[in-house]
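The values are calculated or read from the model by the stated rules, or taken from the named source; none is laboratory data. This is a predicted model, so every value here is computed, not measured. In this analysis, Cβ positions are derived from the backbone assuming ideal geometry, glycine residues included, and neighbour counts consider all displayed protein chains.
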Amino acid sequence: MSVDQNTVRKIARLARIAVREDELSALAGELNTILDWVEQLREVDTSGVEPMTSAVAMRMKMRDDVVSSGDLQKEVTMNAPGAEDGFYVVPKVVE
């Protein structure tokens with residue numbers, strides 16, 4: 001796969017990134033280099049490699065999912081600048 005200047009321009013527009021015309025060629029080269037590395041990674045045989053979540057083998061600490069307290073609505077909203085009927089009151093931000 002190859003990226004040209006028009007593709008870089010489109011990606012920049014979609015990402016809302018300001019890119020000057022004189023930067024398009026360099027960015028296209030950098031993106032093509034990254035895509036070449038991805039192609040090299042596709043050539044690696046990973047069929048015998050198990051997926052992992054960490055570089056170090058470890059077990060996550062687990063705890064019982066138990067409700068320890070409840071009905072704290074008044075205490076939670078007590079320090080809020082505005083609360084009504086147990087809910088936070090915030091200014092409207094969407095027209």
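Please specify each residue of the stretch 1-26 satisfying the condition of being among the polar types (S, T, N, Q) and part of a loop (DSSP other than H, G, I, E, B). Answer for the stretch 1-26, where residues must be among the polar types (S, T, N, Q) and part of a loop (DSSP other than H, G, I, E, B): just Ser2. Taken over the stretch 27-48, the residue count meeting the criterion of being outside any loop (DSSP other than H, G, I, E, B) and either hydrophobic (A, V, I, L, M, F, W, C) or in contact with a His (Cβ under 8 Å, 6 or more places away or on another chain) (or both) is 8. Residue selection: Thr77 fails the criterion of being on the phi < 0 side of the Ramachandran plot and at pLDDT 95 or above.
The condition of being out of contact with any Phe, Trp or Tyr (no Cβ under 7 Å at 6 or more places or on another chain) and modelled with pLDDT of 95 or more holds for only one of Thr33, Thr46, that being Thr33. Could you tell me which of the residues Val76, Val44 is surrounded by fewer than 10 Cβ atoms within 10 Å (Cβ to Cβ) and not acidic (Asp, Glu)? That would be Val44, the only listed residue that is surrounded by fewer than 10 Cβ atoms within 10 Å (Cβ to Cβ) and not acidic (Asp, Glu).
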